[in-house]
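The structure under discussion appears below in the form of structure tokens.
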Amino acid sequence: MQADYYVRYRPRYPADLFIYLASLAPGHELAWDAGTGNGQAALGLAVHFSQVVATDASERQIAHAFRHARIRFRVGLVEEVDLERQSVDIITSAQSIHWFDLGLFYECVFRVLRPGGLIAVWCYDRTEIDPAIDRIVKSYSSEIVGPYWPPEIQLVDERYSSLSFPFTEILPPEFACEANWRLEDVVGYLHSWSSTQAFIEQQGYDPVDEIRPALAKAWGSPNLDRRVRWPLYMRVGYLPENPSVSEPSTLVDSNIDPSGLKAKRLRRTTPDNLAAGSRALAVRARAYNNPRQAEKILPAFSVPDRYLTCKTGCSQRCSIRAELD
């Protein structure tokens, strides 16, 4: 049932997003959309890439996916993807990386992404419609179905800001999904939430019924179209063309216990100190035996030769690294 709601009521990603990603990719032959769901991001990629491999662990989601001649859908975990080494130009994960075993996923990324290849992951949080409606939806999310959200949703609540991301990171422009919806569309969207479905399964009734009267009053006529917006929160980065550590199997410092790592502070370093920054990045990429600790480690990245802007807003050649205890 949830897969049906996904197809009908999940937002479509803007075309400009995929134009932007295609402009950054080193080639346009092969894209991998990991955790594709019903293939919304895969469809956007298919416009710009000759072939798209779209994988998802849910057979039901794949069964409901949008079909396209350039997309090959496969059911399976991300770590089971059958792609040749250094063959992929871009890897995307739309509203899904928080479900992955990050350590295993990043191992696959380092294996199949070509040097200089692009990885982009993003999520969206709650809808933006109208202040009164937004308050009702927020209350529903936090108070009524709040206990039924799985713990992985914390990363979405944090808008992926705490997501460990061991790549040469760049700051993307802002993107958002938009749609013109009626009241029943919003109701359908709420039914697509995993927390709503978990509530129904455990309690035996539909929690959306608890907010329908207030939602209807705030909405106005049920036939009224309202503009609905979902800002996207993105992390975008490159696999370095000449990474100091190219294989995930070598990314563990035997003198450091990953479960004991924690970020102390960020400090700017010069290119001469990139080795220390690379070490921090390398340890992070394999520090997922304890995912919660790994999430606390702040990103380490450098500004590439393209002079793209890093997260601190500077446009100089520099690096930012996490200094570890």
* **Within the range 80-136, tally of residues that are within 27 Å of E29 (Cα to Cα), in a loop (DSSP other than H, G, I, E, B) and polar (S, T, N, Q)** => 4
* Asked: Picking from A54, A65, A34, which residue would you name as being modelled with pLDDT under 90, closer than 30 Å to E201 by Cα and surrounded by 18 or more Cβ atoms within 10 Å (Cβ to Cβ)?
  -> A65
* To do: Evaluate the following for S139: is it more than 25 Å from A22 (Cβ to Cβ), of a type outside the set (A, V, I, L, M) and either crowded, with 20+ Cβ neighbours inside 10 Å or over 17 Å from the mean Cα position of the chain (by Cα) (or both)?
  => yes
* To do: Could you check, for the range 153-160, whether at least one of its residues is within 30 Å of L239 (Cβ to Cβ), in contact (Cβ under 8 Å) with a residue 40 or more places away in the chain and either assigned to a loop (DSSP other than H, G, I, E, B) or among the acidic types (D, E) (or both)?
  => yes
* Asked: Do we find a residue being out of contact with any Asp or Glu (no Cβ under 6 Å at 6 or more places or on another chain), within 30 Å of A22 (Cβ to Cβ) and outside any loop (DSSP other than H, G, I, E, B) anywhere in the range 217-224?
  -> no
* To do: Kindly indicate which of R182, R135 is under 19 Å from V208 (Cβ atoms) and without any contact (Cβ under 8 Å) to a residue 40 or more places away in the chain.
  => R135
* Structure fact -> Pairing a residue in the range 13-27 that is of a type in the set (A, V, I, L, M, F, W, C) with any residue that is loosely packed, with under 15 Cβ neighbours inside 10 Å, where Cβ atoms lie under 9 Å and the two sit 6 or more apart in sequence or on different chains, gives A15/V47; F18/V47; I19/V47; A22/H28; A22/V47; L24/R306
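Please work out which residue is surrounded by the fewest Cβ atoms within 10 Å (Cβ to Cβ), limiting yourself to the range 82-102 and to residues that are among the small types (G, A, S) and within 15 Å of the chain's Cα centre (by Cα). Full working, then the answer.
The initial filter retains those residues of the range 82-102 that are among the small types (G, A, S), namely 87, 93-94, 96.
Next cut, within 15 Å of the chain's Cα centre (by Cα) only: 93-94, 96.
On the way: S93: 24, A94: 26, S96: 20.
Filtering the range 82-102 for residues that are among the small types (G, A, S) and within 15 Å of the chain's Cα centre (by Cα), the one surrounded by the fewest Cβ atoms within 10 Å (Cβ to Cβ) comes out as S96.
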* Residues (among the small types (G, A, S) and over 30 Å from the mean Cα position of the chain (by Cα)) located in the range 198-244 -> G204, A214, A216, A218, G220, S221
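The values are calculated or read from the model by the stated rules, or taken from the named source; none is laboratory data. The structure displayed is predicted, hence computed values, not measured ones. Neighbour counts are summed over all protein chains in view; Cβ atoms, including those assigned to glycine, are modelled from backbone coordinates with ideal geometry.
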